[in-house]
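S.K.: Below is one structure. I have some questions about it.
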Amino acid sequence: MLSIAGARAVSVAEALFQQGARAYAEGTYPLAAEAFRESARLEPAAGTLQNLGNAEWQRGRAGHAVLAWEQALWLHPFNAPARNNLAFARRTAYLESPNLRWYEVISTWLPMNAWAWIAGFSFWLSVGMGVLPGVLRWNKASWHQLVAALGLAVFLLSLPAHAGVNTRARLGFILEKDTPLRLTPTAEAQVVTRLAAGEPARLVRERGRYALVRTNRQLGWIERDTLGLLASKP
Amino acid sequence: MVRTERHLEVETLTQARLAVGRRCRFSPWRLGLLLIGFALAGIAAQTRDTGSETETETAARDDQPPPETPRQFINAGTRKLHEGKLREAEALLETGLASQVERLQPVALFNLGHVRFGQGAEELKKDPAAASAGPRGRAAVAAAEAAIEDADAALADDKVQRLVAAYLHGRGARRELRAATRAVQKAMKTFGAALNRWERASGDFKSTLELNPADADARHNAEVVDQHIAKLVDSLKELQMCANALGEMKKELGDKMQQMKGRIPAPDMPPGAPGDDEEEDEQPRGPEPGQEEGPTREGEEMPISPEQAGWLLDGFRLDEGRRLPMGQETTSDPSKRDRPTW
């Protein structure tokens, strides 16, 4: 049942993708963006997100475009077109890139799911090489220990990347232009500054309909709807 | 009047929270230590000179170490508020608020509201003549109306002496109009600055209320500030109308005086003091010293042809026509979604 439902979702996502591609080619960018967004919601894919970013950019919604391209890179870091478009958009709109910590930079080297596979495989390989020879009464060989040690080392080395994936999940981008950054989470709050669409911001915590975010320079509150998280469905 | 009792309450709260905060649960050990602390403090107080505060003590209090924690910033800001140093108080409270410690925010916002209300009141105090600008403006308008009537009558009569008298009358009225206009503009600036501060104060009290809906003092203060704002807005509207009326009168009176000037023969024209004539408003003797336009950086104008100007403008034109390169068209097939492979 689940596989049937999954297959149906994939076919619908495919149809929506094609519809979006046609609309994009015709120049009806709002329609294209909606189709790509719906397709990506049903089945997140780097290509769909990249096209969603293009359609949003053509609509003049820089914040949504930057988010979509970043999400494309989150799923598939080797997506050069998305990376190039992101660089172009940042240069054109004078936007900053997010300040990543060293372990977050490591986490960008591979797709986020790859780290889970690597960690899982290396961990169980290490455990297997340590335990199985004894259980299966194999003759102890030095290569068993070598592989176990290697597996453990890879597992340990992948841990910072996991931390990076975890903290990057709280990274977001401002969706609307001139979003007020408030001093307090209140409607009548003092506005500290206004943030440009596409500016990076880290979610610190939420209170009601406001989110406390840390930008590259300041800490303040914005309305939750105006922040698009990297690790959220479009 | 804005309730100010809260200042004391704020101090009590911020200081008391460290020792007897409602959220603290005291274990017997903690309570014992606290009692010992109180006893030691009592002994210290007994041994200390209980006389009035000396200058040395005041200086020592001023030399307190700079605040480091959000609580210290807010307490320092509250102290400055009591001392009437509003600008410093605002900076300190804002710093405390910006640290985003949620339980301190209502207190900081409440006091910030007081600071900004005080700043608005200070703006009004700086210009005591602002309150009389409206009546002065109305009086100037009335005088100008009388001068215009006089001018109409003189123009109809067409007697030189009458025209000269009306012209002099108009000149006096116009001088008063100018002075009243300046006063009204200054008052509007003052009221605008005060309004700006009070609107922020109202926002602060309302924010306090939003964070702590049970805060009756904040509700009361927000209402009081809003009432003050409403009065100030009424005054500003009145001043705006007055400024408009002054402008109209000035124009009308200027036209009449121009007509009278045309009818009065040159020998009978009354001598005027500098600034009496309308034309002299626009600095007839050229710019004042210090207002002259400096030479260009290069020293001389560069003569260029229209074609050259066109090329230059083309060079400065923003690249609004640039489109985002559709990257996937060059490096991958756009008709395929590349799905995550993991």
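The values are calculated or read from the model by the stated rules, or taken from the named source; none is laboratory data. Everything numeric in this text was worked out from a predicted model, so none of it was measured. Using ideal geometry, Cβ is built from the backbone for each residue, glycine included, and neighbour counts are taken over all protein chains shown. Side chains included, ligands, DNA and RNA excluded: accessible areas come from the protein's heavy atoms. Shrake-Rupley method; radii C 1.70, N 1.55, O 1.52, S 1.80 Å.
S.K.: How many of the residues making up region A:156-169 are touching a residue at least 12 places away in the same chain (Cβ under 8 Å) and either out of contact with any Phe, Trp or Tyr (no Cβ under 7 Å at 6 or more places or on another chain) or open to solvent by 50 Å² or more (accessible area, probe 1.4 Å) (or both)?
M.R.: The total comes to 5.
S.K.: Among (1) away from chain B (no Cβ under 14 Å); (2) loosely packed, with under 14 Cβ neighbours inside 10 Å; (3) of a type outside the set (Gly, Ala, Ser); (4) without any contact (Cβ under 8 Å) to a residue 24 or more places away in the chain, there is one condition A:HIS144 misses while meeting the rest; what is its number?
M.R.: Of the numbered conditions (1) away from chain B (no Cβ under 14 Å); (2) loosely packed, with under 14 Cβ neighbours inside 10 Å; (3) of a type outside the set (Gly, Ala, Ser); (4) without any contact (Cβ under 8 Å) to a residue 24 or more places away in the chain, the odd one out for A:HIS144 is (2).
S.K.: Considering only region B:203-240, state which residues are surrounded by fewer than 23 Cβ atoms within 10 Å (Cβ to Cβ) and of a type in the set (S, T, N, Q).
M.R.: Scanning region B:203-240 gives B:ASN212, B:GLN227, B:SER235, B:GLN240.
S.K.: Mind listing just one residue for me: the one in region A:75-87 that is closer than 16 Å to A:PHE173 by Cβ and open to solvent by 20 Å² or more (accessible area, probe 1.4 Å) and, of those, nearest to the other protein chains (Cβ to nearest Cβ)?
M.R.: Of all residues in region A:75-87, those closer than 16 Å to A:PHE173 by Cβ come to A:75, A:82-83, A:85-87.
Next cut, open to solvent by 20 Å² or more (accessible area, probe 1.4 Å) only: A:75, A:83, A:87.
Working: A:LEU75: 5, A:ARG83: 8, A:ALA87: 10 Å.
Per the stated criteria, the residue is A:LEU75.
Matching residues to (1) in contact with a Cys (Cβ under 8 Å, 6 or more places away or on another chain); (2) among the basic types (Lys, Arg); (3) part of a helix (DSSP H, G or I); (4) away from chain B (no Cβ under 14 Å):
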residue	(1), (2), (3), (4)
A:GLU70	no, no, yes, yes
A:LEU73	no, no, yes, no
A:ARG91	no, yes, yes, no
A:LEU100	no, no, no, yes
A:ALA153	no, no, yes, yes
A:PRO160	no, no, yes, yes
A:ASN166	no, no, yes, yes
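S.K.: Just the residues that are within 14 Å of chain A (Cβ to nearest Cβ) and among the acidic types (Asp, Glu), please, taken from region B:224-240.
M.R.: Start the filter on region B:224-240 by keeping residues that are within 14 Å of chain A (Cβ to nearest Cβ), which leaves B:225-226, B:229.
Matches in region B:224-240: B:ASP226 only.
S.K.: Right, next: Got at least one residue in region B:175-187 being touching a residue at least 60 places away in the same chain (Cβ under 8 Å) and farther than 18 Å from B:GLU252 by Cβ?
M.R.: Quick first cut of region B:175-187, residues touching a residue at least 60 places away in the same chain (Cβ under 8 Å) only: B:175, B:177-178, B:180-181, B:184, B:187.
Still in the running and farther than 18 Å from B:GLU252 by Cβ: B:187.
Among the residues of region B:175-187, at least one is touching a residue at least 60 places away in the same chain (Cβ under 8 Å) and farther than 18 Å from B:GLU252 by Cβ, which makes the answer yes.
S.K.: List pairs: first in region B:202-214 and within 9 Å of chain A (Cβ to nearest Cβ), second in a helix (DSSP H, G or I) and aromatic (Phe, Trp, Tyr), Cβ under 8 Å, 6+ apart or cross-chain?
M.R.: Pairs that qualify, where the first residue is within 9 Å of chain A (Cβ to nearest Cβ) and the partner is in a helix (DSSP H, G or I) and aromatic (Phe, Trp, Tyr), are B:ASP204/B:PHE110; B:PHE205/B:PHE110; B:THR208/B:PHE110.
S.K.: Could you say whether any residue in region A:5-23 is free of Cβ contacts under 8 Å to residues at least 24 places away in the same chain, part of a loop (DSSP other than H, G, I, E, B) and not assigned by TED's automatic domain parsing to the domain that holds A:LYS177?
M.R.: no
S.K.: If the requirement is being within 21 Å of the chain's Cα centre (by Cα), surrounded by fewer than 16 Cβ atoms within 10 Å (Cβ to Cβ), more than 30 Å from A:PHE121 (Cα to Cα) and within 14 Å of another protein chain (Cβ to nearest Cβ), which of these qualifies: A:ARG217, A:ARG205? Give the steps one after another, and end with the answer.
M.R.: Working: A:ARG217 fails: within 21 Å of the chain's Cα centre (by Cα).
When all the criteria are applied, what remains is A:ARG205.
S.K.: Only residues that are of a type in the set (Asp, Glu) and buried (at least 23 other Cβ atoms within 10 Å of the Cβ): list them for region A:187-202, please.
M.R.: Kept after step one, since they are of a type in the set (Asp, Glu), are these residues of region A:187-202: A:188, A:199.
If the condition is that a residue be of a type in the set (Asp, Glu) and buried (at least 23 other Cβ atoms within 10 Å of the Cβ), then A:GLU199 is the only one that fits.
S.K.: Shifting gears a bit: Here's a check for you: in region A:108-130, which residue that is of a type outside the set (A, V, I, L, M, F, W, C) and within 14 Å of chain B (Cβ to nearest Cβ) is least open to solvent (accessible area, probe 1.4 Å)?
M.R.: If we filter region A:108-130 for residues that are of a type outside the set (A, V, I, L, M, F, W, C), which is where we start, we get A:108, A:111, A:113, A:120, A:122, A:126, A:128, A:130.
Of the ones still in play, those that are also within 14 Å of chain B (Cβ to nearest Cβ) are A:111, A:113, A:120.
On the way: A:PRO111: 2, A:ASN113: 59, A:GLY120: 29 Å².
Only one residue tops the list, namely A:PRO111.
S.K.: Restricting region A:220-234 to residues that are more than 17 Å from the chain's Cα centre (by Cα) and open to solvent by 50 Å² or more (accessible area, probe 1.4 Å), which is farthest from the other protein chains (Cβ to nearest Cβ)?
M.R.: A:ASP225
S.K.: Applying the selection to region A:46-61, what residues are buried (at least 24 other Cβ atoms within 10 Å of the Cβ), over 22 Å from A:ASN166 (Cβ atoms) and of a type outside the set (Asp, Glu)? Steps first, please.
M.R.: Start the filter on region A:46-61 by keeping residues that are buried (at least 24 other Cβ atoms within 10 Å of the Cβ), which leaves A:46-57.
This time we only want the ones that are over 22 Å from A:ASN166 (Cβ atoms), so: A:47-48, A:50-57.
Selection gives A:GLY47, A:THR48, A:GLN50, A:ASN51, A:LEU52, A:GLY53, A:ASN54, A:ALA55, A:TRP57.
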